[in-house]
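Enquirer: Structure incoming, see below.
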Amino acid sequence: MSNDNEILLIDDDEADVELALHALRENKLANHIHVLRDGEEALDYLFGPGRDEQAASGQTPKLILLDLKLPKVDGIEVLRRLKSDAATKFIPVVILTSSKEERDMVRGYDLGVNSYIQKPVDFDQFRKIVMQVGLYWLVINQPAPIRAKPVLI
Amino acid sequence: MITVLLEQTAGWAPIIELSLKLAGERDPEMLLQGVSHLARQIVPAQYASVGILEEDGQAISGRVFSSGMDAASGMAATAVMPAITVLRAAVLANMLETRRALRLRNVSSESLGFNLLPEVHHLSSVLGVPLSSSLRVRGFLLLANKFDADEFSDQDEQLVAALASQVTLAYERMEEQKRAHEELVESRDVLEALFELAPDAFVVANEDGRIVRVNAQAENLFGYTRDELVGQLVEILVPEWFRKAHPARHEQVSAHPGRRPMGEGLELSGRRKDASEFAVDIMLSRIETKRGKRTKIVIRDGTAHMKMAEHIKQLNRSLEKHVEELQTANHELETFNYSVSHDLRAPLRQIDGFARILGERLGPQAGSETSRYLQRIQHAATHMSGLLEGLLDLARLGRQGLYMQPADLNALASEVMEELRLEAPDRQIEWILDPLPIINCDSVLVKAVFSNLLSNAVKFTQPRECAIIRVGHRIENGETVIFVEDNGVGFNMKYADKLFGIFQRLHRSEDFPGTGIGLATVQRIIKKHGGRIWAEAELNSYATFHFTLLPKGMEQAEGSKHENEVLHE
């Protein structure tokens with residue numbers, strides 16, 4: 001059960017990742033945080049070969065924190081893939097990004113994102129937000145039941 | 001009936017002759033004179049008169065042609081009396097009125113109503129018949145002093161009456177012809193004038209392609225005189241390089257008669273006498289005349305047309321280019337804004353984040369100076385973040401449209417006041433909110449205006465022990481002016497023009513922190529609404545910001561006059 005509370009953090013900025021990890025760890029919210037550094041890596045991890053094994057062993061992430069400006073494949077595309085695949089569409093996805101550009105917010109919600117949060121510049125506020133997001137999605141929120149996977153014949 | 005009469009008397013022969021003669025006569029005066037002579041031959045008498053009259057209700061007047069044989073000399077005498085007036089009471093007037101023939105004996109010439117001839121006063125016998133058509137009486141035919149008898153007989157009367165009806169017919173036909181001719185001449189004159197004075201050049205060519213007629217504008221346009229053109233081939237007006245092709249075109253038009261529209265071939269050129277060429281619009285049409293087929297060529301100077309068309313094309317091209325540039329610029333600006341909002345904030349967040357983590361790691365070990373430096377780093381990051389936020393908001397304003405709806409300004413202002421009250425719990429501020437109208441505006445943006453102006457008021461009244469901040473409105477020259485007033489540090493009015501410029505600050509940031517973007521944003525919102533903003537202040541005394549939300553005169557037009565009067569208690 002070591003992967004029980006896995007969080008997927010998809011962000012290309014090393015310093016941002018470090019700050020996010022700092023905040024997540026000090027709140028002891030997740031046993032395991034898997035960091036993916038661009039959109040392609042995220043898609044490989046989520047939809048590449050071996051994904052079924054992950055799913056079978058219960059390695060499906062419980063929460064995805066997604067940045068929008070990503071190299072190669074952008075966050076919106078990752079979100080689109082996540083929400084259009086039956087196996088991943090129930091995973092809560094929180095966009096955690098620098099901007100609150102209207103077009104980003106509209107596209108995000110249009111694709112069915114669960115939450116949209118602008119990273120505040122003030123680190124204290126950022127911490128509080130990370131704690132609240134983790135607490136809500138991992139503890140308070142009741143996730144969708146895991147369905148039997150048709151791959152196990 | 002005529003044949004019967006002919007058999008009865010040889011006297012009819014001259015009438016037939018007359019009818020034929022009259023049919024060929026074109027001049028009415030000659031006709032009438034001829035008739036007076038003929039009448040005396042048909043019924044031998046000393047005098048004859050033919051009168052053509054015009055009635056004007058009061059009098060009968062007209063022209064009379066008389067002829068006679070002078071009794072003494074046996075010489076013929078003729079008189080034309082161009083204008084006589086027949087008295088109503090006279091015998092002649094009576095005949096004209098009753099339209100019946102008249103026979104008299106031994107009367108004075110005066111009693112007839114006019115003088116037959118000068119010096120003729122006594123008439124031994126008189127026979128008069130009216131010249132009447134079915135419509136009206138046109139005049140009279142009168143014989144006097146019958147030869148070889150004391151009076152005129154019934155047969156005389158019949159003959160003269162028959163002559164009179166022939167004369168009437170002939171005269172009326174002649175009049176009709178004359179009128180038709182006059183009309184023809186008049187309409188020809190009009191057409192001539194139209195042809196001659198037309199703003200386009202007209203050239204008429206015959207079947208051989210030779211010019212038959214031209215108008216003044218053709219002379220003017222091509223620089224030839226009329227005489228130089230008539231008889232020449234039409235090609236004289238066509239540039240040499242085009243002449244070979246031209247007759248073919250001419251043929252083509254001849255083969256397909258009809259009207260060719262103007263402007264169908266802007267590539268056409270004309271050639272002036274001085275060999276210069278110019279663009280022309282041409283319309284050809286075929287005319288069939290008795291003297292052969294004619295081609296009418298209408299030529300319009302296309303130079304101005306071409307120039308205008310070229311000018312419009314150029315304008316369009318430059319406009320398209322501008323639009324393209326603008327689109328590119330807009331696109332770049334949007335990309336820029338997007339990058340700024342994503343990429344510039346991340347480093348600030350990291351500066352703040354790591355400075356804070358560092359401070360926490362160091363804990364109490366950090367000296368007071370180290371702590372202060374870390375704090376400075378964090379403040380700088382926060383300040384820059386505020387600047388970025390303000391700039392992005394300002395940029396976004398330019399791109400966004402207005403969402404207009406009636407908004408309760410009182411509610412907007414009081415919401416902002418409440419927020420600010422909570423933000424500064426330890427300040428003593430007297431908030432005064434006068435009744436404000438309901439105005440058609442973008443409520444989110446107008447709330448931002450209040451938010452900026454009121455937070456400025458809170459900021460600049462900081463040194464006051466008791467701050468007074470007031471929001472109200474007044475109607476000035478039919479305009480609703482809203483104002484925000486405070487008793488703060490104010491500013492020197494000589495800097496008033498700098499107030500709304502971006503990054504313009506009138507205070508040191510240690511005294512009053514700020515980004516210098518707030519009032520620029522406020523001004524942009526108000527301008528977007530079509531309104532104005534201005535300020536008045538006195539240093540260390542007060543500052544008042546006044547603004548309107550609609551251009552002058554628009555408030556009534558928007559139909560919000562009534563709403564403006566809805567005030568809140």
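Enquirer: Taking the Cβ of each residue in B:Trp431, B:Trp241 as the centre, tally the other Cβ atoms inside 10 Å and list the residues starting with the fewest.
Expert: B:Trp241, B:Trp431
Enquirer: Which lysines does B:Lys307 reach when only Cα atoms under 27 Å apart count, and residues fewer than 8 places away in its own chain are ignored?
Expert: Reachable lysines: B:Lys273, B:Lys296, B:Lys321.
Enquirer: Semi-axes of the equivalent ellipsoid of the stretch B:402-565: what are they in whole Å, largest first, if each equals the square root of 5 times a C-alpha gyration tensor eigenvalue?
Expert: With the √(5λ) rule applied to the stretch B:402-565, the semi-axes are 26, 17, 14 Å.
Enquirer: On average, how many beta carbons from a partner chain sit within 10 Å of the beta carbon of a residue in A:118-128?
Expert: Whole-number average of other-chain Cβ neighbours for A:118-128 is 6.
Enquirer: Take every residue in peptide A:100-112, count the Cβ atoms of other chains within 10 Å of its Cβ, and give the average of those counts.
Expert: 1
Enquirer: Sort the stretch B:336-484 into rounded, prolate or oblate with this rule: let a ≥ b ≥ c be the square roots of the eigenvalues of the Cα gyration tensor; rounded if a/c is under 1.5, and if a/c is not under 1.5, prolate when a/b is larger than b/c, oblate otherwise.
Expert: oblate
Enquirer: Can you work out the Karplus-derived ³J(HN,Hα) for every residue in the stretch B:164-173? Use 6.51 cos²θ - 1.76 cosθ + 1.60 with θ = phi - 60°, whole Hz, and x for glycine or proline.
Expert: Result, rounded to whole Hz: 4, 5, 4, 4, 4, 4, 4, 5, 5, 5.
Enquirer: Another one. What are the extents of the Cα atoms of the stretch B:148-201 along their three principal axes, in Å, largest first?
Expert: Taking the Cα atoms of the stretch B:148-201, the three principal extents are 75, 15, 8 Å.
Enquirer: Follow-up. So what's the net charge close to B:Ile533: Lys and Arg +1, Asp and Glu -1, counting the other residues with Cβ under 11 Å from its Cβ? Intermediate values should be presented prior to the final figure.
Expert: Numbers: positive: B:Arg524, B:Lys527, B:Arg532; negative: none.
Net charge in that neighbourhood comes out at +3.
Enquirer: So who's got an amide H within less than 5 Å of the one on B:Ile468, skipping anything under 5 residues away but keeping other chains? H placed 1.01 Å off N, in plane.
Expert: Amide H neighbours of B:Ile468: B:Glu430, B:Asn487.
Enquirer: As a footprinting exposure proxy, order B:His331, A:His22, B:His473 by other Cβ within 10 Å, with the fewest listed first. Walk me through the intermediate numbers first.
Expert: On the way: B:His331 10, A:His22 18, B:His473 21.
Fewest-to-most Cβ neighbours within 10 Å comes out as B:His331, A:His22, B:His473.
Enquirer: Filter the GluC sites (Glu not before Pro) in the stretch B:138-194 to those in DSSP coil with at most 14 other Cβ atoms within 10 Å of their Cβ, and list the result.
Expert: Answer by residue number: B:Glu151.
Enquirer: Which three extents, in whole angstrom, do the alpha-carbon atoms of the stretch B:398-460 cover along their principal axes, largest first?
Expert: Its Cα atoms span 38, 28, 16 Å along the three principal axes.
Enquirer: What span do the alpha-carbon atoms of the stretch B:307-395 cover on each of the three principal axes, reported in whole Å from largest to smallest?
Expert: For the stretch B:307-395, the Cα extents along the three principal axes come out at 84, 16, 15 Å.
Enquirer: In the structure displayed, which of A:Lys28/A:Lys69; A:Lys83/B:Lys528; A:Lys28/A:Lys119; A:Lys100/B:Lys528 lie more than 29 Å apart, Cα to Cα?
Expert: Details: A:Lys28/A:Lys69 27 Å; A:Lys83/B:Lys528 40 Å; A:Lys28/A:Lys119 20 Å; A:Lys100/B:Lys528 23 Å.
Result: A:Lys83/B:Lys528 exceed 29 Å.
Enquirer: For each of A:Leu36, B:Leu409, count neighbouring Cβ atoms within 10 Å of the residue's Cβ, then give the residues from fewest to most. Show your work: numbers first, answer last.
Expert: Details: A:Leu36 22, B:Leu409 25.
Taking fewest neighbouring Cβ atoms as first place, the list is A:Leu36, B:Leu409.
Enquirer: Once phi is turned into ³J(HN,Hα) by the Karplus curve 6.51 cos²θ - 1.76 cosθ + 1.60 with θ = phi - 60°, what whole-Hz value does each residue of the stretch B:273-279 show in order, with x for glycine and proline?
Expert: 4, 7, 6, 6, 10, 8, 6
Enquirer: With a sphere of radius 12 Å drawn around the Cβ of B:Arg294, what net charge do the other residues whose Cβ falls strictly inside it have (Lys, Arg +1; Asp, Glu -1)? Let's see the in-between values first.
Expert: Details: positive: B:Arg210, B:Arg213, B:Arg286, B:Lys290, B:Arg291, B:Lys293, B:Lys296; negative: B:Glu207, B:Asp208, B:Glu288.
Within the 12 Å Cβ shell, the charges total +4.
Enquirer: From the phi angles alone, apply the Karplus equation (6.51, -1.76, 1.60; θ = phi - 60°) to the stretch B:329-336 and give each ³J(HN,Hα) in whole Hz, x where the residue is Gly or Pro.
Expert: Running phi through 6.51 cos²θ - 1.76 cosθ + 1.60 with θ = phi - 60° gives 4, 4, 5, 4, 4, 5, 4, 4 Hz.
Enquirer: Write out the trypsin sites (Lys or Arg not before Pro) in the stretch B:202-246 meeting two conditions: DSSP loop, and at most 10 other Cβ atoms within 10 Å of their Cβ.
Expert: B:Lys244
Enquirer: I've got another one for you. Give the cross-link partners of B:Lys146 among the lysines, using a straight C-alpha distance below 28 Å as the criterion and excluding same-chain residues fewer than 8 apart.
Expert: B:Lys146 reaches B:Lys21.
Bear in mind these aren't lab numbers, they're just calculated from the coordinates by the rules spelled out. On a predicted model such as this, the values are computed, not experimentally measured, just so you know. Neighbour counts are summed over all protein chains in view; Cβ atoms, including those assigned to glycine, are modelled from backbone coordinates with ideal geometry.
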